[in-house]
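Inspection log for the structure reproduced underneath, given as structure tokens.
Read-outs: derived from the displayed coordinates by stated rules, not from any lab. No experiment lies behind these values; they were computed from the predicted model shown. Cβ placement follows ideal geometry from the backbone for every residue including glycine, while neighbour counts extend to all protein chains displayed.
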Amino acid sequence: MIYGRSLFHIVASLIILHLSGATKKGTEKQATSETQKSVQCGTWTKHADGGIFTSPNYPSKYPPDRECIYIIEAAPRQCIELYFDEKYSIEPSWECKFDHIEVRDGPFGFSPIIGRFCGQQNPPVIKSSGRFLWIKFFADGELESMGFSARYNFTPDPDFKDLGVLKPLPVCEFETGGPEGIVESVQITKEGKASASEAVDCKWYIRAPPRSKIYLRFLDYEMQNSNECKRNFVAVYDGSSAVEDLKAKFCSTVANDVMLRTGLGVIRMWADEGSRNSRFQMLFTSFQEHVVTECPLLRDDGSVEPETQPHPL
């Protein structure tokens with residue numbers, strides 16, 4: 001009887017240990033998965049002398065479930081050359097539907113696509129048409145491989161071969177805010193930020209009052225070199241001056257009004273030496289979106305019923 005009871009306790013203990021081990025392994029697996037997902041990959045790179053970037057863990061196998069965005073930015077009047085190392089391996093698939101590298105000619109995920117690459121043969125040399133390349137590395141949940149190492153350098157933009165290298169740009173920033181106001185290109189020379197013959201890359205930071213948004217209306221706008229965005233443009237950013245917050249960019253003959261979703265607007269004007277007659281004037285207005293609440297109405301019998309139509313403020 002004692003033997004049977006001892007055997008029962010031993011078996012029960014083994015079951016408990018097994019369940020504890022399984023739970024621990026499951027917890028470790030979950031924690032590992034969460035840790036992997038929290039690891040960031042991708043970067044914004046604009047080092048003057050070029051550089052190198054790789055897939056996660058390269059040359060070891062890249063982890064599953066990754067999407068890394070790399071954006072390369074060249075200086076004005078430069079283009080980008082991108083090279084992939086021969087030690088390259090990404091899970092092959094038809095039309096690279098699974099793991100892949102995607103390269104686009106510009107700073108956005110909707111810029112013109114240059115190519116999508118996977119398999120064992122490294123991509124060819126890639127050249128941008130302008131200052132930016134957008135590169136996405138995607139890995140699904142299965143069949144990891146070595147990944148890639150890529151290096152980039154900058155070359156003169158052939159569109160400006162007769163103009164030479166651009167001189168260093170002057171620092172040109174403005175701060176403003178309040179319920180409304182004017183930002184305009186004449187501030188550049190009026191406030192001594194740059195001479196009338198210097199190329200400029202100027203930013204106006206507009207800060208609305210708390211809990212307000214911003215509406216922008218062009219009062220005057222003209223690009224000296226219309227439709228040549230490499231030479232002159234006016235851009236509007238919503239929330240920061242980062243490229244992912246670009247709301248609108250104007251370099252043709254027309255500029256539209258813009259409504260922002262945040263209380264921080266950034267206006268950027270780029271004009272090279274031959275485009276300094278480009279100009280703009282913009283009115284900004286701060287506003288708040290009022291929440292309409294239901295207002296009580298009295299019935300004939302004196303009881304209260306909710307109003308179904310918005311109540312004017």
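Going from the residue with the fewest nearby Cβ atoms within 10 Å to the one with the most, His100, His47 rank His47, His100.
A simple spin-label model places the labels of Leu169 and Glu86 4.0 nm from each other, with each point 7 Å out along Cα-to-Cβ.
Taking amide H as placed 1.01 Å from N in the peptide plane, Asp157 has its amide H under 5 Å from the amide H of Gln78, Cys79, each at least 5 places away in sequence or on another chain. With the convex hull constructed from alpha-carbon coordinates only, segment 196-277 shows a mean projected area of 5.4 nm² over all directions. Shown for Glu144, Glu81, Glu67: other C-beta atoms within 10 Å of each C-beta, ranked fewest to most, produce the order Glu67, Glu81, Glu144. The Rg/Rh ratio for segment 42-157 is 0.96, where Rg is the radius of gyration of the alpha carbons and Rh is the Kirkwood radius. Candidates Thr54, Leu82, Ile101 compared by Cα position along the dipole of segment 42-157: farthest toward the positive end lies Leu82, with charges placed on Cβ.
Measuring between their Cα centroids, segment 133-187 and segment 66-96 lie 16 Å from each other.
Restricting segment 224-265 to trypsin sites (Lys or Arg not before Pro) that sit in a DSSP loop and have at most 15 other Cβ atoms within 10 Å of their own Cβ leaves Arg261.
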